[in-house]
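Below is one structure, written out as structure tokens; comments come after it.
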Amino acid sequence: MSACWSLVIHGGAGRITRDVLTPEQDAGARAGLDAALKAGSAVLAAGGGALDAVEAAVRVLEDDPHFNAGRGACFTREGTNELDAAIMDGRDRRAGSVAGVTRTRNPVSLARKVMEASPHVLLAGAGADRFAIEQSVEQVDPAWFHTDERRRQLDELLSRNADAFDSDMKYGTVGAVACDTQGHVAAATSTGGVTGKRWGRIGDSPLVGAGTYADDRACAVSCTGSGEVFIRVGVGHEIAARRRFTGDSFQAAADLVLAEVKALGGTGGTILAGPDGTIAWSMTTAGMYRGRATSGGEHRVAIYADEG
């Protein structure tokens, strides 16, 4: 047992550069990341568990329209919002996830309900929406998720090519990983998908072993990026496996697996937390909204790759 704790969060990776973001967007994103870090850190500093901490941090990001999860989610081609999320407990690898939910204000909390109050890991669509109501998880009018900027992005995409979807993901998925004072890790990820998605498309975020993974024997991982490639590589599990079986450092494991993603034509980023409190992040993109906090006093947020 250690008195140390650590927390890392992300708000998406992609073509995030100083000439893409306005000063207002930059400041708003940093404020949102800071609020999420504080929410998760408060849990850990009080001796709370990693699972509670990652849920608390992700809920803040889901409510913040600067990020693509919950409020501020991307629009599907049909002009709706379909939300995905997952949460995983490193102690026993219990996990819960939801895909294609339409009315749950905080999908990460619904994912936790799936883990704790159902015999299943993944619920999708209308069934997940029904389960949310049965479990008294807060529901909102779908208009709650809408923002003018997301609608503009869909309109712009449709005007260019009606069959396209936006894989650039300038503002992506959100996630959190943590290690608590008991040495347990947890991960959570939440997303509004990609602009213009069709046919009930689901990315890596709610898939255990792809976009979200946690195992006390290795680390907790949350990912953001080109969902289809992250699924094919099994990024979350692959990083954890490298930690367990090859002796790679946290940074090396993340960098090597993301290099594999890049070799297959994908881009993105990932955050890690280990049971010894070690934290890391890695990205193949120009930027990733991110933040880290530790019991040692570190508390910082960053956006662009060159921020270190």
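Descriptive notes on the structure:
- Of all the listed residues (F75, F67), the sole one being among the aromatic types (F, W, Y) and within 20 Å of V221 (Cα to Cα) is F67.
- Per the listing V114, V98, V108, the residue uniquely closer than 22 Å to H10 by Cα and either assigned to a helix (DSSP H, G or I) or touching a Lys or Arg at 6+ places or on another chain (Cβ under 8 Å) (or both) is V108.
- Qualifying positions in the stretch 27-37 - touching a residue at least 40 places away in the same chain (Cβ under 8 Å) and open to solvent by 30 Å² or more (accessible area, probe 1.4 Å): R30, D34
- Only one of the listed residues (V194, V221, V185) is at pLDDT 95 or above and in contact with a Cys (Cβ under 7 Å, 6 or more places away or on another chain). That residue is V185.
- Residues within the stretch 117-139 that are in a helix (DSSP H, G or I) and either open to solvent by 10 Å² or more (accessible area, probe 1.4 Å) or touching an Asp or Glu at 6+ places or on another chain (Cβ under 7 Å) (or both), tallied: 9
- Among (1) modelled with pLDDT of 95 or more; (2) not in a helix (DSSP H, G or I), the one test that T17 misses: (1)
The values are calculated or read from the model by the stated rules, or taken from the named source; none is laboratory data. Treat the numbers as computed from the prediction; the structure is a model and nothing was measured. Backbone-built Cβ (ideal geometry, glycine too); neighbour counts: all protein chains shown. Just the protein is used for accessible areas: all its heavy atoms, side chains included, with ligands, DNA and RNA removed. Shrake-Rupley method; radii C 1.70, N 1.55, O 1.52, S 1.80 Å.
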